[in-house]
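Comments concern the structure below.
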Amino acid sequence: MSKLSKELIRQIIADGEFSTPNDIGEYLKDMFKDVIQEMLEKELVLELGYEKGDSQNIYMIKLKIYMELKYQLNM
């Protein structure tokens, strides 16, 4: 895993307007939450095979599930 560059860290500090250590902690919690959200969304894309909000692919996935269930019930 790569580390953040010192330049990026300096930019985050400059943009963050941190006044207290608590401000830094809140920023890190928000950043962690965003990273976890992105990871979960990418995992869903890999697992389900379609992007969030892609209604055409959602329809095809539902159709595929329906056809598989119908086939299993007819066996």
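The values are calculated or read from the model by the stated rules, or taken from the named source; none is laboratory data. Since we're looking at a predicted model, the values are computed, not measured. Positions of Cβ are backbone-derived with ideal geometry, glycine not excepted, and every protein chain shown enters the neighbour counts. Please note that ligands, DNA and RNA were not included when accessible areas were found on the heavy atoms of the full protein model with its side chains. Shrake-Rupley method; radii C 1.70, N 1.55, O 1.52, S 1.80 Å.
Observations, loosely collected:
- Percent accessible area from carbon and sulfur atoms, the chain, protein chains only, probe 1.4 Å: 61
- Once the Cβ-Cβ distance of V45 and L69 is raised to the sixth power relative to R0 = 25 Å, the FRET efficiency obtained is 0.60.
- Surface analysis of the chain yields an accessible area of 97 Å² per residue, using protein heavy atoms and a 1.4 Å probe.
- Normalised by 2.2 N^0.38 Å, with N the number of residues, the alpha-carbon radius of gyration of the chain equals 1.88.
- Projecting the Cα atoms of L48, G25, V35 onto the charge dipole of the chain, computed from C-beta unit charges around the Cα centre, puts L48 farthest toward the positive end.
- Within the chain, helix-based [θ] at 222 nm, where runs of 4 or more DSSP H residues each add -39,500 (n - 2.57), nearest 500: -27000 deg cm²/dmol
- Distance in nm between pseudo-label sites at K33 and L8 (7 Å out along the Cβ direction from Cα): 2.1
- Comparing I13, I61, I36 in a Gaussian network model of the chain (Cα springs below 10 Å), the most mobile by mean-square fluctuation is I13.
- Dipole magnitude for the chain: about 360 debye, using +1 per Lys or Arg Cβ and -1 per Asp or Glu Cβ, origin at the Cα centre.
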